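Enquirer: Can you read through this structure? Questions will come right after.
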Amino acid sequence: MSMIIRRVLVEETYDYAVCHMDCWRSAYKGIMPDEYLSNMSSGIESRAERSVQIISESCNPYEYLCVTYDEKMIGKLGFGKCLDEDKGEAGQIYAMYLIDEFWDRGFGRKMMEYALNNLKEMGYDEVVIWVLEENDRARRFYEKFRFETDGKKEELNIGKPLVQVRYVLCITDLIFL
C-alpha cells in the first residue's frame, strides 16, 4: 500500500467534496466555529457540482489533485499560478489537506515536495501559501520547509473573524527526490 497523488476524475467529485469536508473538520476544529464545520455537509452536493465544473475546464491553469492511500481518498492538493496581484510571477499552493488519521506519517511531507517540485517545473521561483493565523500546526509544518511570513494578512469572517497570514518561499535552489 502506498500513497498516490493524482488528478481528480470527474466521477470522483462527490468523494472529493466529502474528503474536503472531512479534512476541514480535522484541520479547523477549535479554530472555525463548530456550527460552520458541522453545516458543511448540507452543501456537499453543490460543492461536488462546482468541483465537476472546475475539474472539467480544459484551460484550467491550476492542478486539482487527490491523495489516495489503499484506494481511499485521504487528502487534496491544489496549486498553480498565484492569485495575489503583488505576487503575479509566483506559484501558489491553494489547498493541502489530509484527513487527521494520516497526520504525522510523512504524507504531508510527500505532498509538499510534490507541489514544490511541480511548481518549480512550471517555472516559478517563489511559492505563496496562505494559512489561518490560529492554525499553529500548519504554520509549524510550513516553517519546517522554510516558508516565512512576509507581513501580508487578510481577514475572513466564517462565523467569526479569522486572520490569514501569507507565507512565501524561494524555490530556486530546492531539490527534492
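Enquirer: Return yes when Asp125 is free of Cβ contacts under 8 Å to residues at least 24 places away in the same chain and among the acidic types (Asp, Glu) and no when it is not. Quick ask: steps written out before the conclusion?
Expert: On the way: free of Cβ contacts under 8 Å to residues at least 24 places away in the same chain: no; among the acidic types (Asp, Glu): yes.
When the stated conditions are applied, Asp125 does not pass them.
Enquirer: Can you tell me which residues in segment 138-163 are buried (at least 16 other Cβ atoms within 10 Å of the Cβ), not hydroxyl-bearing (Ser, Thr, Tyr) and not in a loop (DSSP other than H, G, I, E, B)? Steps first, please.
Expert: Our first condition is that a residue be buried (at least 16 other Cβ atoms within 10 Å of the Cβ); within segment 138-163, this holds for 138-139, 141-142, 145, 147, 162.
Among the residues that remain, those that are also not hydroxyl-bearing (Ser, Thr, Tyr) are: 138-139, 141, 145, 147, 162.
Result: Ala138, Arg139, Phe141, Leu162.
Enquirer: Here's a follow-up. Return a yes/no flag: does segment 91-102 have any residue that is within 21 Å of Arg6 (Cα to Cα), in contact with a Phe, Trp or Tyr (Cβ under 9 Å, 6 or more places away or on another chain) and not in a strand (DSSP E or B). First the steps, then the outcome.
Expert: Taking segment 91-102 first, the residues within 21 Å of Arg6 (Cα to Cα) are 91-102.
Pick out the ones that are also in contact with a Phe, Trp or Tyr (Cβ under 9 Å, 6 or more places away or on another chain) and you get 91-98, 102.
Those still in the list that are not in a strand (DSSP E or B) too: 102.
Looking through segment 91-102, at least one residue is within 21 Å of Arg6 (Cα to Cα), in contact with a Phe, Trp or Tyr (Cβ under 9 Å, 6 or more places away or on another chain) and not in a strand (DSSP E or B).
Enquirer: Shifting gears a bit: Where residues in segment 164-177 are surrounded by 14 or more Cβ atoms within 10 Å (Cβ to Cβ) and of a type in the set (Val, Ile, Thr), which of them is farthest from Lys29 (Cα to Cα)?
Expert: Taking the candidates together, the pick is Ile171.
Enquirer: Working only within segment 119-137, note down all residues that are assigned to a loop (DSSP other than H, G, I, E, B) and closer than 24 Å to Met32 by Cβ. Spell out the reasoning first.
Expert: Going residue by residue through segment 119-137, those that are assigned to a loop (DSSP other than H, G, I, E, B) are 122-125, 133-135.
Correct list: Glu133, Glu134, Asn135.
Enquirer: Looking at (1) surrounded by 18 or more Cβ atoms within 10 Å (Cβ to Cβ); (2) over 22 Å from Cys170 (Cβ atoms), find the lone condition where Ala90 falls short.
Expert: The number of the failed condition is (2).
Enquirer: Can you tell me which residue within segment 19-51, out of those that are part of a helix (DSSP H, G or I), within 18 Å of the chain's Cα centre (by Cα) and touching a residue at least 40 places away in the same chain (Cβ under 8 Å), is farthest from Phe102 (Cα to Cα)?
Expert: Ser51
No value in this document is a laboratory result; all are computed from the given coordinates. As the structure is a prediction and not an experimental result, all values here were calculated from the model. Cβ coordinates were reconstructed from backbone atoms using ideal geometry, including for glycine residues, and neighbour counts include every protein chain displayed.
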